[in-house]
Structures are given as C-alpha cells and as structure tokens.
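Structure, as structure tokens:
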Amino acid sequence: MATNTTAAFASEHSVETACPLDCPDACSLDVTVQDGRITEIDGSHLNPITAGYICAKVRRYTERLYGPDRLLYPAVRKGPKGLATFERVSWDAALSTIADRMIEARDTWGGESILPYSYGGSNGMLTQDTSDAALFRRLGASRLARTVCAAPTGAANMALYGKMASVTYDDFHDARLLILWGANPSASGIHLVPYIREAQRLGAKLVVIDPRTTALAKQADIHLAVRPGTDLPVALSIHRYLFEEGHADQAFIAEHTRGADRLRERARPWTFERAAAEADVPVDMLRAVAEAYAATSPALIRCGWGQERNRNGGSSSMAILALPAVAGKFGVRGGGYTMSNSASWGYARPWVAPEDPARRLVNMNQLGRALLEYTDPPVKMLFVYNSNAAVTTPDQGRVLKGLERDDLFTVVFDEVMTDTARYADVVLPNTTFFEGYDIARGYGPISLRLARPVIDACGEARPNADVFGELLARLELQKDDDPKGELEELLDVLGHLPPSIGEDLRDTGSATPPYGGRPIQFVDVFPVTPDRKVNLFSEQLDAEAPAGLYGYQPDPGTAEYPLALISPASERTISSTLSELPRPEVRLLMHPDDATARGLKQADDIRVYNALGEVRCTLSVDGSVRRGTVSLPKGLWRKHTANGYTATALAPDTLTDLGGGACFNDARVEVARAG
Ligand SMILES: Nc1nc2c(c(=O)[nH]1)N[C@H]1C(S)=C(S)[C@@H](COP(=O)(O)OP(=O)(O)OC[C@H]3O[C@@H](n4cnc5c(=O)[nH]c(N)nc54)[C@H](O)[C@@H]3O)O[C@H]1N2
Ligand SMILES: Nc1nc2c(c(=O)[nH]1)N[C@H]1C(S)=C(S)[C@@H](COP(=O)(O)OP(=O)(O)OC[C@H]3O[C@@H](n4cnc5c(=O)[nH]c(N)nc54)[C@H](O)[C@@H]3O)O[C@H]1N2
Ligand code: SF4
Ligand SMILES: [Mo]
C-alpha cells in the first residue's frame, strides 16, 4: 500500500501551458498530471491577467478529455446520417478513403466541389491556416469566407483605423467613463471584470448598452437596454450631438481624420428623440450618455460583438468605433476604444498558402444554401474541422438538411462526437490543446502564449498539422520544404514570426507584447491606414452597404413574429465547445410583460418559432431581458432542447450590411405554449 502511494505521488507533476480557446484572455494554466492523466486544471500566475484563476468551464476540461463523447479512433458511418452509428477503422483506411474521395470529387466535378469548413476551433495559430490551408488551396477547393464572427466589426475597424492596437485591461483603471457596448465580459472574458470594478472603485462611471440587464448592467450608472439591432441610430445621435452642439474635437478631426463631413451628414437626421424612439430607450438617458461622453476624459468604449450580429451590424460598429475620433478621446491612457487586439502585433503570416481569388468563395453563414442549392459545381465533399457547424451556423434547418444529403461525402475532424460529427461519413479524432502544441492568441490583452503537450494523445487522436500533412503527401501535393508534422509546423510558424516574437515564444513560452502591452492610442499607436488618418467615411463601404454606410435598415417587424430572439455567449461553453457536458435545463428568457400578454408562466413548456423553424424548451419569466426580446444561450447542442433544434434554427442566413457577417440576432419569433 505504502509503496503504491509513494509511486503515485512520485508520478505526479505539473505542467505550465496556455488556453488557446476562442476567448479574449489566453490564460496561463497550471495542469496537474498523475500517472499520465490530467487530474487538475488551474490558472497560473505566468500571465498576470490570469492571476491564478480561470473559468469554471476549462477547469472541467478533464470531463471532455476522458468523457464518453471523446473521439478516440477514426471511424466510418454504418447507419443513416445523423444517428452516429460508426465503426472503428485504422487511420490508414480512413485517410486513404478520404484521399480517394478527394481525387474523385476533383476529377469528376472539379476542385470547387470540395468545401473545407472551419472556424476557430481551439482558435490557436497552429491549428488553422497551416497545412490545412496548403491542402485545400493546392486541391483547388472552394474558398470559405470565415465570417461567422467579427466580420462586420473587423470590416469597420479595418476601414476606420486599419485595426490599430487598442486599450488593454491594465489601462481600464485610468478611464473616468467606461462604455460597455454589446459586450458581456462576465461571461465572455471574465478577467476583464475585476479591472472594470477597480475603475468603478476609483470613481469611473459605467454605461452598459445591452438589451439584457447583465451582471455589469446591474452595477452601471446608466443602462441603455436598446432593442437589438438599433445601435446605429443610438451611436449616430451621439455623433449628431457632438457635431451640432459644439462638442466635436475640431483640431483632432482636422489633423487626424478624413471624411468627417460625410459622417456628420449621415448623423444629422438622428436627433435624440428619433434615435431613442427607434431603440425604445428613455430619451433623457440617451442624452445623459452623450453628455457624459462629451464631458469626460479619459473615456473608453469597450466595443463587443453583440451589436454586430444583425443587418445593421457593420455600420453600427463603425459608428461606435468612430466616436472617440469625433469626440477627441484619444491621446491619454485609458482613453479611446478597445475591441479585438488579435491584429495588434502587426506581424505578417507568410506561412499561410496564398489563395487563388478565382476560386469560388462560399460564405460560411450560408452553408445550408451551399449544400442544397449550389450547382456549379454542387458541393460533393464537405470537410469540417475546427467547427461544429450543425449547431453554430445560421439557418440550422437548412444546414441539417444539407448534411443529410446521401450524395454528400462528409468528413468531420474533432475532439468529441459533436452534432456535426454525427452526420459524418468519416470521423477523425483530434488531439486537444492538452495533447499537442498551439499558440494561444489573446485578443483582450495583447498576448501570445505557447500551449504545449501536457499528456500523450488519448487513444489514436492526432493533431491537425499531422493529418492535413499526411493528406498532402497521399495526394502528392506536398512540397519538399513543407513542414512535416506538428512540431515542424510549430517551428515553421515560430521561424516566420519576427525574431522578437518567435524566439521568445520558443524559449520562454510567451512573447513580450509591443508598447509594453499597454498602447496609448495616438501616442504609441496610430491608424494603420495608408495616410495614418482615421477614415470616418469609406466610399467602398458606402457602396457595399445596402442602405449606404451609416444607413439604417429598420426592422420591418411583423405582427406574426413580433419578438427579437438573441443568443448571447454563456458562461458554460465557448461557442458550442464543452456543450456536451451536463448543464441545468435550458430555458428561454422572456420579460414578464411579454409572458403575461401570451398567458405564459414560469416553467411552461413552450415553442419559439418563425418561418424557418421551431425550438421547444422551457420558459423562464425573467426581467433581465428587455420587453420584446427573448434570449436563448449561444452554443447549445441538439440534445438541449425538446425537439433537437437550437437558436440557430431561427436565425436567418441573411448577411450583415458590411463584411458578410452572421445575423444571429435578427431572428424574429413568436412564442406559444407547446402541445
Ligand atoms: N464563456 C464564453 N466566452 C466566450 C464565448 C462563449 O461562447 N462563451 N465566445 C467567444 C466568442 S467566439 C466571442 S465572438 C466573444 C463574444 O463576446 P461578447 O461580444 O461579449 O458576447 P456576446 O454574448 O456575443 O454579446 C455581448 C452582449 O451583447 C448583447 N446584445 C445582443 N444583441 C445586441 C444588440 O443588438 N446591441 C447591443 N448593444 N447589444 C446586443 C447581448 O445581450 C450580450 O450581453 O466571446 C468569446 N468568449
Ligand atoms: N445562435 C448563435 N450562434 C452562434 C453565435 C451567436 O451569437 N448565436 N456566435 C457565433 C460565434 S461568435 C462563433 S465564433 C461561432 C463559433 O462556431 P464554431 O467555430 O463552430 O465553434 P465551436 O462551437 O467552439 O466548435 C469548434 C469545434 O472545433 C473543435 N476543435 C477544437 N480544436 C480543434 C483542433 O485543433 N482541430 C480540430 N479538427 N478541431 C478542433 C472543437 O472540439 C469544437 O467542436 O459560433 C457562432 N454561433
Ligand atoms: S476560456 Fe478564457 S477564461 Fe477560460 S481558461 Fe481559457 S482563456 Fe481563461
Ligand atoms: Mo466569435
């Protein structure tokens, strides 16, 4: 007995690594391993932002690693699509089938009949845009516009500032006014919350603009509970106030911006009265936000992604991000804006194989349409990796119908048996970030951290780089200087990064961020636009947007589907990652007035429906969501609702005004008692 205990004790060790999941924080992790198995996952202090604590969901990652849904072996389908009846095969058999089907598809229907489908997955730098990109580009496959997230905000930030580095967590305390606009860090990036609380303790005022009374909205000085999709009028009314009532910073505008007159012109019709009516918020509150913004410095806008997921998402994000330029809020620590800092390192990515612009481009938000309607050529092979498309893509009904097609050959490469994997012809098991390398990119703080293998691969799981590399070899598409396997791929990426970044990452596991990680906008960093000016108006985006740049597309509203359904991030998952784990019953949140108007009460079995589909679940009557808006969590799996559909079944596959983004929050629905 004693020797066993000693042996077990002796075999326990801990490993320092990083979390590459699609979360702004890129935590540093301290992982305990006993007898080759992970027994505990905790935060380390290596990343000062992590400060020794991490979210509850990643603490639970062992339940995923060793749980019943984990994929351990390649397998081929033996029953109808969707039912997850698979038979184990060898890697050799699985990859030779896939290679044969790729050649057949390319030679019969052309390379564009192959559609690679991927998004962030773990979101690390190694697991996407490395050998996967080489494979699909050399095959001549259809290209994928990766627009499910951050496409409208990205287009806006690029046009205005060329994605200039933005304010980081450490500088939040310096702000005297904080505006959280369409962002809910209490779920989506928890390490920011203490910085906001500290700023409040030091006297900063907090404004939250969100249709829900989030935890931080409860503590805010002003909460504007806007109707979803109405941020554009709200932001333009603030611009109007700044320009027309003498609060625009004319000196800054003259020196650092272009296009201010065009923005002013588009803002002119949006009086506080009109914008407040459109957003359904008290006009005095809206005016108070504008007055506080004009009067306070440093003032910081934390722009999130909630406001981008609707038809006006691009112009509204652009109008929000333009506010600090018009109001002259830059040039001081804690002043300006903050959004994604993933581009703030400024490095190029020469390791990514170039795209052929002549190849068909498929917008990932229209996957269902692509699978069911595209004919020239039809999609005959779908290769899903780093994504759980069956539940995260708009118009779920159509996506699932597409996945059911008998003449579609689907490969799904994942860590667990996702709802998408259930439809695969071949399933491939992937290593998690605890079993391989990756580079975690924080997009809140400016941070890059190395994730390294903590344990051996579970079962026969293999990393992306190995599998795509082997497919390249089998298809005779490999080039001599291609990295072979995951470690070479890692060294290749590190070697292509500027030495100050690549060598640091290799030697120490983290890179030293530029500007000490705390850039002051317009002191340390300037717009990365051709003339270093803020582009307040863009002719190109004006032509792209259906109603013109800063042109508002009102919600036509129907009596049939009067409620707006939103599906924000929840603290239990990252998108749909970890959604396989047990959770309390999923409920639709509805304001008490809306429930009373429909004769509904707490815990009723209900159906939420529109012309696209229906979700059956339980009702929670809850004053935290505004009147006229209902809310379901993002990232549900099909098992979480009574009829196997999730919020994405009610989301249209229409695109945002700029950037081709997803309109998840443009779902308009009605709710009734089920049965
Ligand atoms: N725990 C957890 N963390 C995550 C994720 C997750 O799923 N879970 N996802 C990660 C990813 S992929 C992303 S992109 C980020 C997202 O990070 P956030 O942008 O913070 O998250 P969202 O929940 O998409 O939206 C934020 C808020 O916008 C509100 N909102 C919805 N519609 C509107 C609107 O029209 N206008 C305004 N003003 N607000 C609106 C929602 O109620 C929500 O509270 O988080 C990342 N972090
Ligand atoms: N209703 C609704 N839906 C939404 C949103 C919303 O607001 N509302 N938001 C959207 C947003 S912001 C985003 S970013 C998308 C994200 O949508 P997805 O990109 O589909 O993200 P996940 O659901 O996290 O699925 C990622 C999958 O990749 C797998 N994976 C992780 N690492 C690797 C790897 O190294 N290799 C391979 N092969 N697989 C790996 C994971 O196990 C997981 O199953 O969801 C969108 N869906
Ligand atoms: S998901 Fe975010 S908060 Fe959780 S461990 Fe990863 S980086 Fe940290
Ligand atoms: Mo996202």
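Bridge orientation summary for segment 563-673: considering DSSP beta bridges with both residues in this region, about 70 percent are antiparallel.
Counting only residues at least eight positions apart within a chain, or on another chain, the aspartates and glutamates with an alpha carbon under 12 Å from that of residue 205 are 174, 221.
Here the gap between residue 356 and residue 506, fully extended at 0.36 nm per residue and compared with their Cα-Cα distance, gives a gain of 50.8 nm. For segment 563-673, the fraction of 1.4 Å probe accessible surface lying on carbon and sulfur atoms is 51 percent.
Principal axis extents of the Cα atoms in the chain, from largest to smallest and rounded to whole angstrom, are 71, 61, 59. Given a 1.4 Å probe, how much area per residue of the chain is accessible, in Å²? Normalised by residue count, the accessible surface of the chain is 36 Å². A straight Cα-to-Cα reach below 26 Å connects residue 634 with the lysines 57, 81, 218, 401, 601, residues fewer than 8 places away in its own chain not being considered.
Counting only residues at least eight positions apart within a chain, or on another chain, the lysines with an alpha carbon under 22 Å from that of residue 533 are 163, 329.
The values are calculated or read from the model by the stated rules, or taken from the named source; none is laboratory data. Just so it is clear, the structure is predicted and the values come from calculations on it, not from any experiment. Heads up: the accessible areas ignore ligands, DNA and RNA and are worked out on the full protein's heavy atoms, side chains in. Shrake-Rupley method; radii C 1.70, N 1.55, O 1.52, S 1.80 Å.
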